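A.B. asks: Can you read through this structure? Questions will come right after.
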Amino acid sequence: MLTVKLSPYLEKLAKICPAVRRQFVPSRLEESDEELTVEDPLMEEEHTVVRGLVYKYGNRALVLLTMNCAAYCRFCTRRRKVSDIEKGVISNADLRQIIFYLKKHPQIKELILSGGDPLTVPDILKTALRQFSRLAQIKVLRIGTRLPVSNPALVNAKVLAALAEVKKQPLYLMLHFEHPAELTRATLCAVKKLQTVATAMFSQSVFLKGVNDNAKILYELFSRLLETGIKPYYIYRCDYVAGAEHFIVPVDKEIKIMTELRSKLSGLAYPTYVIDACGGAGKIPVPLNFWQFDRSMYKDFKSKKIKVLASA
Ligand code: SF4
């Protein structure tokens, strides 16, 4: 059960911005018992090889460092466990197990730290990054965070010192933005601080009904992100996660928006629009309206055919 949590900063922003309120303030619609949704759409539990380490794809693995965030998004893919801090925190013993597993699997060259929000636990982050960055096999480190949006004041010297532990590898920060109203002065200031330690910054977004299912809004969001030095990387179709059904946008609408944006935005400002295949079998790019063919099915990375659920 996802706890309700907003930072004082977000509480203020939510009062003046309905798009922010909808993302963070719970709604009775979360209680719907839609049969098509599941708790763990990406099957991360099944791919958890040791506590905190999810390994699905060849050369990269996901480390879930904590289940804590500065605020909880109501559409979170991991809402089955995010906010369950007791269960979610990685201990030193867990870290030792993770390192042991990585050494036994030298084909893993890239680590993606996520959670929860790794930047909300700078002490754990520092210890983890120190150990991961010392492994010769690890060539790339990525960290996913929403802290500049959910509580920009927490992007402080301690967080920057933790990130500065990465010296040998490129450090890519994957920030999460949904709406241009999130790009406040405080958030931009936090982003600037992170730019002093990151090799490059990317953004990830999710199509959300009533928040950003609109070409004008996304045009502004992606343009402003690029102007801030953040490359829009992915926009995902919202996962069919239990409790977040009311955020799902009809797929035809998403395709129409992304087709329009493709003709208006520069290639740099335009993110890849994907469906995170159910079962955790890959991020599948969605074809736009420039081509004509049957879009009711797609194949995942394992060539399994999956039917597209057309609307919420
Ligand atoms: S910040 Fe990320 S992990 Fe935390 S609730 Fe939002 S989407 Fe989930």
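A.B. asks: What nm value, rounded to one decimal, do you get for the distance between V140 and S266 when each label is placed 7 Å out toward the C-beta?
C.D. replies: 2.3
A.B. asks: Enumerate the calculated ³J(HN,Hα) couplings along segment 85-99 in order (Karplus 6.51 cos²θ - 1.76 cosθ + 1.60, θ = phi - 60°), each rounded to whole Hz, writing x wherever the residue is Gly or Pro.
C.D. replies: Running phi through 6.51 cos²θ - 1.76 cosθ + 1.60 with θ = phi - 60° gives 5, 4, 6, x, 6, 8, 9, 4, 5, 4, 4, 4, 5, 4, 4 Hz.
A.B. asks: In nm, give the distance between the simple-model label positions of K168 and T199, each being 7 Å from the Cα along the Cα-to-Cβ direction.
C.D. replies: The answer from the label model is 1.3 nm.
A.B. asks: In addition: Residue by residue through segment 236-245, what is 3J(HN,Hα) from phi via Karplus (6.51 cos²θ - 1.76 cosθ + 1.60, θ = phi - 60°)? Round to whole Hz and write x for glycine and proline.
C.D. replies: Once θ is set to phi - 60°, the couplings for segment 236-245 become 9, 6, 4, 5, 7, 9, 4, x, 10, 4 Hz.
A.B. asks: Could you go through segment 195-210 in sequence order and give the Karplus-derived ³J(HN,Hα) for each residue, using 6.51 cos²θ - 1.76 cosθ + 1.60 with θ = phi - 60°, rounded to whole Hz, and x for Gly and Pro?
C.D. replies: 5, 6, 10, 8, 6, 7, 10, 10, 10, 10, 9, 10, 5, 10, 4, x
A.B. asks: Can you tally the net charge around P8? Count Lys and Arg as +1, Asp and Glu as -1, for every other residue whose Cβ sits under 15 Å from the Cβ of P8.
C.D. replies: Charge balance near P8 sits at +3.
A.B. asks: Starting from the Cα of E46, move 7 Å in the Cα-to-Cβ direction to define the label point; list residues of segment 223-246 whose amide nitrogen is under 18 Å from there.
C.D. replies: Inside the label zone: 239-242.
A.B. asks: In terms of modelled amide H atoms, which long-range or inter-chain residues lie less than 5 Å from the amide H of L208?
C.D. replies: Those lying under 5 Å, H to H, from L208 are D213.
A.B. asks: Got a number for carbon plus sulfur as a percent of segment 8-307's accessible area, 1.4 Å probe?
C.D. replies: 55
A.B. asks: Another question about this same structure. Can you tell me the length gained on complete extension of the stretch T259 to R130, counting 0.36 nm per residue apart and subtracting the Cα distance?
C.D. replies: Length gained, T259 through R130: 42.2 nm.
A.B. asks: Quick one: longest stretch of the chain between exposed loop chymotrypsin sites (Phe, Trp or Tyr not before Pro), exposed meaning at most 11 other C-beta atoms within 10 Å and loop per DSSP?
C.D. replies: 1-289
A.B. asks: Looking only at the chain, where both bridge partners belong to it, what percent of the DSSP beta bridges are antiparallel (to the nearest 5)?
C.D. replies: 25
A.B. asks: I would also like to ask the following. Can you tell me the dipole magnitude for the chain around its Cα centre, using point charges on the Cβ only (Lys, Arg +1; Asp, Glu -1), in Debye to the nearest 20?
C.D. replies: 1140
A.B. asks: Relative contact order for the chain: what is it in percent, counting Cα pairs under 8 Å that are at least 6 residues apart?
C.D. replies: So the answer I get is 17 percent.
A.B. asks: Skipping prolines and chain starts, which residues have an amide H placed within reach, meaning under 5 Å, of the one on L53, given they are 5 or more residues away or on another chain?
C.D. replies: L64
A.B. asks: On to the next question. What number comes out for accessible area per residue over the chain if the probe is 1.4 Å? Units Å², please.
C.D. replies: Working: 14560 Å² over 312 residues.
Normalised by residue count, the accessible surface of the chain is 47 Å².
A.B. asks: Please list, in chain and number order, the residues 5+ apart from Y273 or on another chain whose amide H is under 5 Å from its amide H, with Hs placed from the backbone.
C.D. replies: I235, V286
The values are calculated or read from the model by the stated rules, or taken from the named source; none is laboratory data. Remember, it's a predicted structure, so these values are computed and weren't measured experimentally. Glycine also receives a Cβ, built like all others from the backbone with ideal geometry; neighbour counts cover every protein chain displayed. With ligands, DNA and RNA removed, areas are computed over all heavy atoms of the protein, side chains included. Shrake-Rupley method; radii C 1.70, N 1.55, O 1.52, S 1.80 Å.
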